[in-house]
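Take a look at the structure below.
The values are calculated or read from the model by the stated rules, or taken from the named source; none is laboratory data. Bear in mind the structure is a predicted one, so any value in this text is a computation, not a measurement. Note that we place each Cβ from the backbone using ideal geometry, even for glycine, and neighbour counts take in every protein chain shown. Surface accessibility is based on the protein's heavy atoms, side chains included, excluding ligands, DNA and RNA. Shrake-Rupley method; radii C 1.70, N 1.55, O 1.52, S 1.80 Å.
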2 protein chains.
Amino acid sequence: MAEKNIDQIRHTLAHLTVAAVRELWPGSQNAIGPAIDNGFYQDFEIAGTVTDADLPKIEAKMRELLPTWTGFEKKEVSKEEALKEFTWNKYKSELIEEFAGQGKKITFHNAPGLVDLCKGGHSENPAKEIAPDSFNLDRVAGAYWRGDEKNKMLTRIYGLAFSSKKELDAYLAQREEAKKRDHKILGRELDLFVFSDLVGPGLPLWTPRGTILRNLLDDFVWELRKARGYLKVEIPHITKKELYEKSGHWEKFKDELFRITTREGHEFAMKPMNCPHHTQIYARRPWSYRELPQRYANTTTCYRDEQTGELSGLSRVRAFTQDDAHVFCRFAQIKEEFNQVWDIVQTFYAAFGFDMKVRLSTHDPKHMENYLGTPESWETAVKILEQIVRDKGVDALDGDGEAAFYGPKLDFMAHDSIGREWQVATIQLDFVQPMRFDLTCTNEKSEKEPIVMIHAAIMGSIDRFLSILIEHTGGVFPLWLSPVQVSVLPVSDKHGAYAQEIVDRLNAENMRAEISQDDNLGKRVRSAKVEKVPYVLVVGDAEVEAKTATLEGRAGKIGALPVADIIAKLKEEIRTRA
Amino acid sequence: MAEKNIDQIRHTLAHLTVAAVRELWPGSQNAIGPAIDNGFYQDFEIAGTVTDADLPKIEAKMRELLPTWTGFEKKEVSKEEALKEFTWNKYKSELIEEFAGQGKKITFHNAPGLVDLCKGGHSENPAKEIAPDSFNLDRVAGAYWRGDEKNKMLTRIYGLAFSSKKELDAYLAQREEAKKRDHKILGRELDLFVFSDLVGPGLPLWTPRGTILRNLLDDFVWELRKARGYLKVEIPHITKKELYEKSGHWEKFKDELFRITTREGHEFAMKPMNCPHHTQIYARRPWSYRELPQRYANTTTCYRDEQTGELSGLSRVRAFTQDDAHVFCRFAQIKEEFNQVWDIVQTFYAAFGFDMKVRLSTHDPKHMENYLGTPESWETAVKILEQIVRDKGVDALDGDGEAAFYGPKLDFMAHDSIGREWQVATIQLDFVQPMRFDLTCTNEKSEKEPIVMIHAAIMGSIDRFLSILIEHTGGVFPLWLSPVQVSVLPVSDKHGAYAQEIVDRLNAENMRAEISQDDNLGKRVRSAKVEKVPYVLVVGDAEVEAKTATLEGRAGKIGALPVADIIAKLKEEIRTRA
């Protein structure tokens, strides 16, 4: 209900932008203007030029007009009537012709001083419902008419709109905070990853510190999986086309596949996912029901031929590493295996303080052409997942039409420290690939019995998860995950040997300690702060004398302690992933 | 000297094969017949058909003729004279025309009953020098004239030949033993890896047991590297073409590169090696001389577009995983870094009982077109490596012309348990890529100073190393490396719970123990033997009663011991990699 209301407000404000712009730049032609996440946009062919500098003026005009907008007058009109009204606007005229051609009704929604072609969905009484300080105009951008670069480039005005000023301010603060936490900037400052013009965009190279992070996260997932009977496997990153023809991926993924023609003329592809390869490991020999489930885990890289314009830091890349796993099991084992993966997901994300929601993503029965498998098998699969969610006693979000092409799934959404929502882990049920690859086991009656697959990535893409984690933590990683855990700072050169002795002791205990290389103590302290090192140990005359070190955490000085005590304290913090 | 003599013997035996075949199948035309590793071959257009079944008859004829072959008569002849002699042989005629066209001398080397076109290199007195039981005819194969499939398919007879019967027998025994140890067969029996027709040849998929092996080997190398200051990095498996144009690999590797054209039309390649990617990690920021060496380690897969006919098990594949590392250092640091890598190589291979030799592979100064860099930089580089070998007090083999295109290298050759030699690790010096990528550090005088790279893979290809290790050990891996270390065999079902308790205790101590799933004790014992499990624990009434288990090693029964003692014994064996 609240959701609907805010969409109406946002849509209404797009109309109000039209009224304001047409008053300020008479003769400007408005094109489309929908509600979007956090606000709205409105496209124009402006009679003149509008830049970001003009936005306050337009906003002021909108606030001036708003009190007069006490309601929309809805009116169904004929094509001729509509075209006559919009002779001055070639975009609306084109839409009118199109709607008429499709036999759609043509409706005007008119506000004071504005006649507009629209199918509706506005506030009943904008003057009453919209607080003048609950919206703003955000920025101006270029956008092709109908998104087609062969068409004219229009001016798009983006606005932000919420139910109240408080919500708008909260969003602006969150966005400001997100900017400070931008993983692309922090990645460079913390020296975690780098892009090279020679290697190409969307292909991150991982520095020693970034690689430590990746491997620690991967080890954590593996620890949780190992305890549940998973086994590691390994696969090549390419395959003959035939594998994907059989799995169905060749047809579904064809535009995004990196394809290779070998010197002998064979067609190969780089893998966009790992499931078809894993089926071939399962299929290597017959299985007794007693040997199931077989649970294969594999951290490996997938490739997608993304368009350059869509690449963004680690969020959208051409090569991403998945902490992938597939469980091959009997129908009766689905629930137990799903629950085990769910436990891993919960434990893993809780360790970083993410607040989690789950979504049950199902097929769209009206569009079965988007899926492989029969309507009946889909219904059975969805029922099993519904039961799992019910048994957990969780309110799952509704993901109608969000399923993978081979089966329904549970998607986990993480809420980060500044309130943003990210889709992260997913557990997918798959009846289709086991059928296509004829995966079976021999059951109690010595019959061949079809099995199912469960797709169970925890981080999904490690690269994308790291982009989320870096922004969630602002680069302030917990001790166990920090690439450098302890920076030892000698007060002067004569304390260097003692500092080195401490570094060696810490490293011998499997910690990651470094001695600061900077010229003087001031610089050493600043470097440790910029690098967000969890602990700093300062050693001077007093510490050398007493065989201690002065410990400082991120919150401030803790005090001089015997080195053995410091080691014990830090090891416990690492062990518990505090 | 001995080498030369055996080549003469082998070449002589090719001629003797001609004499025997022409006597048995008159009218047969002989083509070429060189000495090769372990023997010789001789090509024919046979007047009739020769199969493996005919070989004893040919061999007998050779032994009959041998006593009459007391020397070759050498004779230089004119083109016309030669052509007249060989009107009956179109292959020799073609060669005569060719030699004459090139202005070469034409010589006959005639033995009793045989006139043959040949440039020489035979035994002085075959009847005296060649023992009749020191050679045999091995097999018949097809071979195109001049290796060109557009030409006629000839009959090739392969022979084995050594200095004595003893050497021949030793070679035959080694070959027989190698057949039993064939890694392709053991790989299947031990369930280590599998090939899928859908994925394609040359692309191994690694099962859980094979993956354990790979990871343990990789961890061992990492343990040795970590102690020497190496850091892990990670890279994508593809790159824009530009990276390889700059490194020089595009030109040198072009036929073997898997190439990709993206949907936007950019040219990408799958990496055939990792060095160019690693330069881009080094190049991400300026370095002070104080921060060098930077040592980057990275276990990652490389790809080569090998022809299908050349693929073989794990020995030659299209995707192979390298335990790669690159050291970025100053000139003055080369020797120390080489020595460190050499230590790692020695420790690693010694752990498996390989006998190692080293080869110094240098450039061929007469063919500088095969290399990047100046003759002067090559001479400097070779001198440094010579010094390193001298200081080690090692006799290095001579590898003239065996260098990589970017620098000289040390190649390590492992001798396996059945006497075969394999080229394994290599340490390569590289002046060229650092220059091409402008890699530098800031030196003591605050000047930009060029640096060098050292390429330092230990196993090289993990896949190929595993093929060698499997055949070296015959699949009988040391305890620390065995995918299943302990198989616990309950005598009957009522001992199952106690067996499971022991398995759980062993696994909790980070060992890999399994309870046998087979139906009865006999089968359980046999399975453990086939899988070459190092230790078997049998538990029956007595063991349950006494809280012991009866330990059997590969050499036989050790006896009933308390479980804690067994754990302690096995852990020590694992810790020391015995």
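Here are the numbers:
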| read-out | value |
| --- | --- |
| Single residue of region B:276-285 satisfying the filter (more than 7 Å from chain A (Cβ to nearest Cβ) and over 15 Å from B:Y303 (Cβ atoms)) that is surrounded by the fewest Cβ atoms within 10 Å (Cβ to Cβ) | B:R285 |
| Test: residue in region A:482-494 that is surrounded by fewer than 16 Cβ atoms within 10 Å (Cβ to Cβ), touching a residue at least 24 places away in the same chain (Cβ under 8 Å) and acidic (D, E) | no |
| Those residues of region B:231-250 which are of a type in the set (D, E) and at the interface with another protein chain (Cβ under 7 Å from one of its Cβ atoms), in sequence order | B:E234, B:E242 |
| Near pairs, Cβ below 9 angstrom, 6+ apart or cross-chain, from region B:172-192 (closer than 16 Å to B:L213 by Cβ and small (G, A, S)) to any residue that is open to solvent by less than 20 Å² (accessible area, probe 1.4 Å) and in a helix (DSSP H, G or I) | B:G187/B:G210; B:G187/B:L466; B:G187/B:S467; B:G187/B:I470 |
| Residues satisfying the stated conditions in region A:235-247, i.e. within 26 Å of the chain's Cα centre (by Cα) and surrounded by fewer than 18 Cβ atoms within 10 Å (Cβ to Cβ) | none |
| Matching residues in region A:372-428 - criterion: being aromatic (F, W, Y) and closer than 27 Å to A:G353 by Cα | A:F412, A:W422 |
| Filtered residue count, region B:1-38, keeping only those that are on the phi > 0 side of the Ramachandran plot and assigned to a strand (DSSP E or B) | 0 |
| Where a residue in region A:519-536 is open to solvent by 50 Å² or more (accessible area, probe 1.4 Å) and its partner, wherever it lies, is at pLDDT 85 or above and among the charged types (D, E, K, R), with Cβ under 7 Å and at least six apart | A:V530/A:E189 |
| Only listed residue being within 26 Å of A:N274 (Cβ to Cβ), open to solvent by 10 Å² or more (accessible area, probe 1.4 Å), out of contact with any Asp or Glu (no Cβ under 7 Å at 6 or more places or on another chain) and not acidic (D, E), chosen from A:F437, A:F412 | A:F437 |
| Residues located in region A:301-347, provided they are in contact with a Lys or Arg (Cβ under 9 Å, 6 or more places away or on another chain), crowded, with 17+ Cβ neighbours inside 10 Å and under 29 Å from A:E449 (Cβ atoms) | A:A325, A:H326, A:V327, A:F328, A:C329, A:E337, A:Q340, A:V341, A:W342, A:I344 |
| Among the residues listed as A:G419, A:G353, the single one being modelled with pLDDT of 90 or more and at positive phi | A:G353 |
| Candidates B:L217, B:L224 - the one that is at pLDDT 95 or above, within 23 Å of B:E421 (Cβ to Cβ) and out of contact with any strand residue (DSSP E or B) (no Cβ under 7 Å at 6 or more places or on another chain) | B:L217 |
| Residue count, region A:340-356 (criterion: among the acidic types (D, E) and in a helix (DSSP H, G or I)) | 1 |
| Some residue of region B:322-342 being under 18 Å from B:E256 (Cβ atoms) and among the charged types (D, E, K, R) | yes |
| Residue match in region A:429-447 (condition: closer than 27 Å to A:F352 by Cα and either touching a Ser or Thr at 6+ places or on another chain (Cβ under 7 Å) or outside any strand (DSSP E or B) (or both)) | no |
| Listing of helices (runs of 4 or more DSSP H) fully contained in region B:498-578 that carry 3 or more residues being under 27 Å from B:F220 (Cβ atoms) | B:521-530, B:563-575 |
| Residue selected from region B:317-339 under the condition more than 14 Å from every other protein chain (Cβ to nearest Cβ) and either in a strand (DSSP E or B) or of a type in the set (D, E) (or both), by the criterion farthest from B:A227 (Cα to Cα) | B:C329 |
| Qualifying positions in region A:489-510 - at pLDDT 95 or above and within 15 Å of A:G553 (Cβ to Cβ) | none |
| For A:E573: the one exception among (1) within 23 Å of A:R209 (Cα to Cα); (2) open to solvent by less than 30 Å² (accessible area, probe 1.4 Å) | (2) |
| Yes/no for B:I212 being facing chain A (nearest Cβ under 10 Å), farther than 30 Å from B:S482 by Cβ, crowded, with 17+ Cβ neighbours inside 10 Å and in contact (Cβ under 8 Å) with a residue 12 or more places away in the chain | no |
| Selection status of B:Y296, open to solvent by 50 Å² or more (accessible area, probe 1.4 Å) and over 29 Å from B:E369 (Cα atoms) | no |
| Tally of residues being facing chain A (nearest Cβ under 10 Å), surrounded by 19 or more Cβ atoms within 10 Å (Cβ to Cβ) and closer than 15 Å to B:F465 by Cβ across region B:215-230 | 0 |
| Residues satisfying the stated conditions in region A:182-227, i.e. of a type in the set (G, A, S), farther than 29 Å from A:D343 by Cβ and not in a loop (DSSP other than H, G, I, E, B) | A:G187 |
| Strands (runs of 3 or more DSSP E) lying entirely in region B:257-304 (those with 1 or more residues that are under 29 Å from the mean Cα position of the chain (by Cα) and without any contact (Cβ under 8 Å) to a residue 24 or more places away in the chain) | B:259-261 |
| Count of region B:153-171 residues which are of a type in the set (D, E, K, R) and exposed (fewer than 13 other Cβ atoms within 10 Å of the Cβ) | 1 |
| Yes/no for B:A319 being closer than 30 Å to B:K184 by Cα and of a type in the set (G, A, S) | yes |
| Subset tally (residues that are facing another protein chain (nearest Cβ under 7 Å) and open to solvent by less than 80 Å² (accessible area, probe 1.4 Å)) for region A:253-267 | 4 |
| Matching residues in region A:374-403 - criterion: being surrounded by fewer than 21 Cβ atoms within 10 Å (Cβ to Cβ) and small (G, A, S) | A:S377, A:G393, A:A396, A:G399, A:G401 |
| Any hit, region A:357-369, residues being open to solvent by 30 Å² or more (accessible area, probe 1.4 Å), in a helix (DSSP H, G or I) and within 14 Å of chain B (Cβ to nearest Cβ) | no |
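Conditions tested, residue by residue: (1) within 14 Å of chain B (Cβ to nearest Cβ); (2) among the aliphatic types (A, V, I, L, M); (3) in contact with a Phe, Trp or Tyr (Cβ under 7 Å, 6 or more places away or on another chain).
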site: A:G101; (1), (2), (3): no, no, no
site: A:H122; (1), (2), (3): no, no, yes
site: A:P132; (1), (2), (3): no, no, no
site: A:A141; (1), (2), (3): no, yes, yes
site: A:L192; (1), (2), (3): yes, yes, no
